[in-house]
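For reference, the structure discussed in these notes is given below.
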Amino acid sequence: MASNKKSSILVNAITSENALFVSLLGLCPALAVTKSIESAFGMGILFTVVLLGSNILISSLRKLIPDAVRIPCYIVIIATFVTLVKMFANAFLPELYSTLGVFLSLLVVNCVILGRAEAFASKNTVVDSIFDALGNGIGFTLAILLIAFLREGLGAGQIVFGRTFTFLTALNGGNEIIIPLLKGPSWDYSLFLLVNPAGGFIVLGLVLAVLAAIKNAKANKKKVDEKLAKLAATAASKGGEAK
């Protein structure tokens, strides 16, 4: 039962309770750093590290933090982890640090991180808070990767996800790390609008529209199945009465 609860926390945070696509939280980094897959991937990793660290510490101190000052305490804890992550990125990942810029500092007031601290970590155990942080971190990372994949691919005129990731290469002592997850075609035409700020809103809107259409289709199918089941049950009962 305990393992099922933890797996449901993890899976729900990635899918049905996805912070970006369902709750529409964390829009600032989703629209600002998704011009390239590499910057989106880097932001997702750093975001997950901050969320994981703050969730663990807030859950550990949840019985010691006075209710009257809980929000300021959460912000101080989150700001501490953001500062540590910034120092690490500046020291070991200077290119990624330069690319993310001020948006890395804005993780201090990120709605997802603060929201999980208030809604989950402050009310649950450390282990459950770890799974919640991992689920939300993975879900957010996948969401911004999808947006970046569409923006960079269509905006640059090519869809290629088999490349050297600069910041991962830096962590590996200068040895190239190539992630050949997907290699697609290239073409002569590109939509430069998608790599502009407005392009982030356009791509996000299209993704949300597709997800809403899928959700509505599933809901309609469920209603049809329920009606068919009721008709079958009614027909069966009438057939039994006739006999």
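The values are calculated or read from the model by the stated rules, or taken from the named source; none is laboratory data. Since the model is a prediction, treat every value here as computed from it, not as a measurement. Surface accessibility is based on the protein's heavy atoms, side chains included, excluding ligands, DNA and RNA. Shrake-Rupley method; radii C 1.70, N 1.55, O 1.52, S 1.80 Å.
Using a probe of 1.4 angstrom and keeping all protein chains present, the accessible surface of the stretch 57-141 works out to 49 square angstrom per residue.
When nucleic acids and ligands are ignored and a 1.4 Å probe is applied, D128 ends up with an accessible area of around 10 Å².
At the listed q of 0.09, 0.14, 0.15 Å⁻¹, the Debye profile of the stretch 1-129, built from one uniform point per Cα, gives log10 I(q)/I(0) equal to -0.27, -0.65, -0.74.
Scanning residues 5 or more positions from G26 or on other chains, those with amide H under 5 Å from its amide H are C111, V112, with H placed 1.01 Å from N in the peptide plane.
One chain, two ends: K222 and S60. Fully extended at 0.36 nm per residue, the span grows by 54.1 nm beyond their Cα-Cα distance. Quick check: at a probe of 1.4 Å, how many percent of the accessible area of the stretch 101-152 sits on carbon and sulfur atoms? Reported share for carbon and sulfur atoms: 81 percent. Applying the Karplus relation 6.51 cos²θ - 1.76 cosθ + 1.60 with θ = phi - 60° to the stretch 131-143 yields 3J(HN,Hα) values of 5, 5, 5, 5, x, 5, x, 5, x, 5, 4, 4, 5 Hz, where x marks Gly and Pro.
Centre-to-centre, using Cα atoms only, the stretch 21-69 and the stretch 78-114 are separated by 10 Å. In a fully extended conformation the segment linking F192 and A233 would gain 9.1 nm over its present Cα-Cα distance, using 0.36 nm per residue.
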